């Protein structure tokens, strides 16, 4: 055995460069996706607020409350056509379903799909 054999003590220069490239790609993806998710959280809180803050009787009242929350929170990534209100048994379900596109590198990008549903309490007829 050679007298001067040493143990490996860390990464080589090529290993450092590859690790740095990988870290940079993930950091750029995070920089591009974090605003999209923060906007989704704002949309979700606006929908929840519209569903639970006011006593509602009709779909039209719920829809107006959602649009009002979108205006107050300055939400422009989603349109009223992405809001659906359906009746399920004795309550209404408010659903927001949309996709967001964001660029990544060159002509490569991300498409993120968001879906949120909330049950809207409806007072029984004659309770008011």
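Quick check: pseudo-label points 7 Å beyond the Cα along Cα→Cβ at residue 110 and residue 30, how many nm apart are they?
Label-label distance for residue 110 and residue 30, simple model: 1.2 nm.
Quick one, which of (i) 15.0, 49; (ii) 24.8, 95; (iii) 14.5, 46 is the actual Rg and Dmax of the Cα atoms in Å calculated for this model?
(ii)
At 7 Å along the Cα-to-beta-carbon direction for both residue 72 and residue 97, put a label point, then send me their distance in nm to one decimal.
Each label point lies 7 Å from its Cα, and together they span 2.7 nm.
Express the relative contact order of the chain as a whole percentage, based on alpha carbon pairs under 8 Å and six or more residues apart in sequence.
Across the chain, relative contact order equals 23 percent.
Values in this text are rule-based calculations from the coordinates and carry no lab data. On a predicted model such as this, the values are computed, not experimentally measured, just so you know. With ideal geometry, Cβ positions are generated from the backbone for all residues, glycine too; neighbour counts draw on all protein chains shown.
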